[in-house]
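> One structure, as structure tokens, below. Some questions next.
The values are calculated or read from the model by the stated rules, or taken from the named source; none is laboratory data. What you are looking at is a predicted structure, and each value in this text was computed from that prediction instead of being measured. Positions of Cβ are generated from backbone atoms using ideal geometry, with glycine treated the same way; all protein chains shown enter the neighbour counts.
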Amino acid sequence: MDLVVYTLMSKSCNFSPTAFLCLILGCRIIIGVANSTIQTTSLAMLTTLFPETVSENVAKVEMALAVGLIIGPLIGSLLIGYVGFYLPFLIMSGLYGVLFFVGLIALPGA
């Protein structure tokens, strides 16, 4: 559910050029809440699915999150600078849409 909210709110950030700043603030707040639930759920699933290597897998997830926090703003600012302001939101909407369907297939009990 949280992945759907994240995808829909990212997509809705593209449709209001006149009131974009107000809409983007609301969208980012909702996206932040949805993202926090994604992180919490993924760590809970990780500990349930792989109980024998919890510390190693949690370390890998935390490392991936840290790398994403470092590289994400760089890639986003390059996209905004060279292509336009809406492209990072379109890319994230598409990425999370694909991730949603991969999760439905790869995690049958979720």
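> Phe85: modelled with pLDDT under 85, assigned to a loop (DSSP other than H, G, I, E, B), surrounded by 11 or more Cβ atoms within 10 Å (Cβ to Cβ) and not charged (D, E, K, R), yes or no? Steps first, answer last, please.
Details: modelled with pLDDT under 85: yes; assigned to a loop (DSSP other than H, G, I, E, B): yes; surrounded by 11 or more Cβ atoms within 10 Å (Cβ to Cβ): yes; not charged (D, E, K, R): yes.
Here the answer is yes, as Phe85 does meet what is asked.
> Another question, then. Restricting to the stretch 1-33, what's the tally of residues that are at pLDDT 70 or above and either more than 21 Å from Leu87 (Cβ to Cβ) or of a type in the set (Asp, Glu) (or both)?
Final tally of qualifying residues: 2.
> Could you please give the count of residues in the stretch 38-78 that are closer than 18 Å to Ser93 by Cβ and surrounded by 12 or more Cβ atoms within 10 Å (Cβ to Cβ)?
Within the stretch 38-78, residues that are closer than 18 Å to Ser93 by Cβ and surrounded by 12 or more Cβ atoms within 10 Å (Cβ to Cβ) number 4.
> Among (1) within 14 Å of the chain's Cα centre (by Cα); (2) part of a loop (DSSP other than H, G, I, E, B); (3) among the small types (Gly, Ala, Ser), which single condition is Ala66 missing?
Result: Ala66 fails condition (2) only.
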